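Have a look at the structure below, then the notes.
All of the numbers you see were taken from the coordinates with simple rules; none came from a lab. Just so it is clear, the structure is predicted and the values come from calculations on it, not from any experiment. Because the Cβ atoms are built from the backbone with ideal geometry, glycine has one as well, and the counts that use them run over all protein chains shown.
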Amino acid sequence: MSTRVTRDAGDVDTGAAARPGSVPQPPAWGTVLAGQARLLARKKWKSLLVLLASAGLLVLLRFSDARSGEAVVSVVELLLASPLHVFAFLAAYGWAAGVWSDEGPGERAYHWSLPVTRPAHDLTRVGLGAVFFLVTGAAAVALWTLPVAALTGAITPGPVRALALVALLLLLGYLLGTVPALLSDHPARWSIGVFLGYAVGTGLLMEAAERWRWIGSVPRALASVWSGELGLRSAMFAPQQIAGYAEETVTSSPALALFLWLGLAASAVVALSFVHLERAKGAAG
């Protein structure tokens, strides 16, 4: 008899025979990877296909608008053009919550009985979620645009460098969305709450600074998180600016802003994978 773990840890078989006095050995990382891939494919494929089919349709609609003024349009240009690149960023952010749906901290007690370490499990899930989104996204866009390219020759993939920038934009949205997904049972609720709290709080502090000069540096520091030279807005628009499709210059250091926020988001995800966030079902979060 072998020891088998069938919870969402990845449906893995440790492969250790139950000999008297023997201790089951943890599965190899490749086994965990395969189990997590099966899990994501089985549980999340419908929501991912709906999301990406919508994205492909939007690309085509955007193409119909851009086509009127140009002979040939690239897919990259369509994806990085406003407002579609914002939709792509938010879609990646939302997909991160989908990867952990029904597995928030209140549903994650199975972490205590995993045959692998918590970081190995969580980071494998996070990495596979990103790969699923990028690969399926590329397939969805290709499915919508290849027939148009074959029939009219009016749409091309675009330069490889710009395609990499699209991937980095999606990866940024995905990693940022993973943080509340790991922290809370209700990541959408907390994301909206933090965004509104930040916007309203910063605005109120700006108003207060008109009366009390001594707090002037506080709202400016808060505002710079979004609109500063290296703020999140600069990181979101950096791929568009680097590729040459930006309507305005948001920052003079787009690459630095992009990789700074990618590093911050990735560091937060890695740190959270080492933290015991499990709690009793129904507890606040």
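Size descriptors for the stretch 185-285: radius of gyration and Dmax over Cα atoms are 17.3, 50 Å. Modelled spin-label separation between residue 249 and residue 41, with each label point placed 7 Å from Cα along the Cα-to-Cβ direction: 4.9 nm.
Kindly rank 232-243, 112-123 from highest to lowest mean number of other beta carbons found within 10 Å of each residue.
Details: 232-243: 23.2, 112-123: 16.9.
Per-residue Cβ counts within 10 Å, averaged per peptide and sorted highest first, yield 232-243, 112-123.
The label-point distance for residue 215 and residue 123, in a model that sets each label 7 Å from Cα toward Cβ, rounds to 4.1 nm.
Between residue 138 and residue 208, the contour length at 0.36 nm per residue exceeds the alpha carbon distance by 20.5 nm.
In the P(r) worked out for the stretch 174-235, what percent of Cα pairs fall beyond 13 Å? Can you show the working numbers first?
On the way: 1282 of 1891 pairs.
Pairs farther apart than 13 Å: 68 percent.
Of the peptides 256-264, 156-164, 205-213, the order by per-residue mean of other Cβ atoms within 10 Å, starting with the highest, comes out as 256-264, 156-164, 205-213. Extension gain for residue 224-residue 160 works out to 19.9 nm (0.36 nm per residue, less the C-alpha to C-alpha distance).
The Cα center of the stretch 92-139 and the Cα center of the stretch 198-274 differ in position by 27 Å.
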